[in-house]
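Please read the structure below before turning to the comments.
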Amino acid sequence: MPSLAVIVVSYNVRELLAACLRATQASLALAPELAATVVVVDNASADGSAEMVARDFPAVTLVARPDNLGFAGGNNLALRGLGFDGGAAPSTASLPDLVLLLNPDAEPLGDAIGQMARFLLSHPEVGGVGAQLQYPDGRFQHGAFRFPGLLQLWFDFFTPRPRRLLESRFNGRYDRRLYAAGQPFPIDFALGAALMLRREAIEAAGLLDEGYFMYAEEVDWCWRIQRAGWPFYCVPAARVIHHGGASARQFRTQSFLNLWRSRQRLYGRFYGPLRRAAAGWIVRLGMAAEARRARVAAAQRQITDAELAERLAAIESVARLFGKGS
């Protein structure tokens, strides 16, 4: 019987985590051919998440941390516990055949987990798969992407004309008709909200890079796995609700800084010198535009003077990070 380990790394999202685990158990019940284990790594939540898991989901393996390891660190902790990278498992034979990384704000629908697993098990040359994500109200959500390029970086700051380019390959998107067709299709990477990997692909590329505390971890991982010779696919028949993408966009200083630090790390690893220089120029230009927008927002009393000062300091920090020679 093929084995599957589901890993959920959580931080202060108790109710979403409970919904995630209920949906995961329901989906696994529709895939009895899988010997499944569910592991929750709680990153020092203060909202009672760990206590809820221990009380309401006794079949789940709970790892309650006293500190926040981040997405990569939390997943790696679970992976090592499963025996990857010289972890606790006694032999390679005990490693799970498949590993599903699932966000705590994700809910597999129906047989989603089984759909992903069956595709991987029937296509031994494929390293990993993503699902068809959707918002809680059923609207389409992109969950599979092309590796980030310079045009996509430009579009982060400057809205293209025509706007439909935001939904195009130039912005890293795959045509929605590919999802609607319902057949698996090759992709560069899938969001870590619902990402299933083959054991051999993880062994070939190694674990997640913990230098990314937040953002871009799965992009880096999928890129390394692809370079190791393991392609990725999206399985549209596997549908997963993802709450996170539906949240309102707000400026949070630490998240903003984490995002751009992660992107700089990603570009440094996968871009050549000329491309890195071009990315640095785009980011500095974009940060100047962000600063102008912030000042306009302050002038229109949309943000306070204190918020403006905090935002400008963060923007300046990122601009320096991407200074010449970055």
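The values are calculated or read from the model by the stated rules, or taken from the named source; none is laboratory data. Since we're looking at a predicted model, the values are computed, not measured. Because the Cβ atoms are built from the backbone with ideal geometry, glycine has one as well, and the counts that use them run over all protein chains shown.
Some values worked out for this structure:
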item: Those residues of the stretch 304-316 which are surrounded by 17 or more Cβ atoms within 10 Å (Cβ to Cβ) and either in contact with a Pro (Cβ under 7 Å, 6 or more places away or on another chain) or among the β-branched types (V, I, T) (or both), in sequence order; result: I315
item: Test: residue in the stretch 108-128 that is part of a loop (DSSP other than H, G, I, E, B), without any contact (Cβ under 8 Å) to a residue 40 or more places away in the chain and surrounded by 15 or more Cβ atoms within 10 Å (Cβ to Cβ); result: no
item: Residue in the stretch 25-33 that is assigned by TED's automatic domain parsing to the domain that holds A205 and either acidic (D, E) or more than 21 Å from I241 (Cα to Cα) (or both) present; result: yes
item: Residue in the stretch 183-203 that is surrounded by fewer than 18 Cβ atoms within 10 Å (Cβ to Cβ) and touching a residue at least 60 places away in the same chain (Cβ under 8 Å) present; result: yes
item: Residue tally, condition within 23 Å of F71 (Cβ to Cβ), at pLDDT 95 or above and either over 18 Å from the mean Cα position of the chain (by Cα) or in a helix (DSSP H, G or I) (or both), over the stretch 153-187; result: 1
item: Residues being among the polar types (S, T, N, Q) and assigned to a helix (DSSP H, G or I) - total across the stretch 10-40; result: 3
item: Search result, residues across the stretch 188-235 that are of a type outside the set (V, I, T), over 29 Å from F256 (Cα atoms) and in a strand (DSSP E or B); result: R198, Y233
item: In the stretch 41-83, residue surrounded by the fewest Cβ atoms within 10 Å (Cβ to Cβ) [restricted to those that are part of a helix (DSSP H, G or I) and acidic (D, E)]; result: D56
item: Qualifying residue in the stretch 213-231 (condition: out of contact with any helix residue (DSSP H, G or I) (no Cβ under 7 Å at 6 or more places or on another chain), over 23 Å from Q115 (Cα atoms), modelled with pLDDT under 95 and hydroxyl-bearing (S, T, Y)); result: no
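Okay, residues lined up against (1) within 29 Å of V13 (Cα to Cα); (2) at pLDDT 95 or above:
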| residue | (1), (2) |
| --- | --- |
| G87 | yes, no |
| D105 | yes, yes |
| E125 | no, yes |
| Q132 | yes, yes |
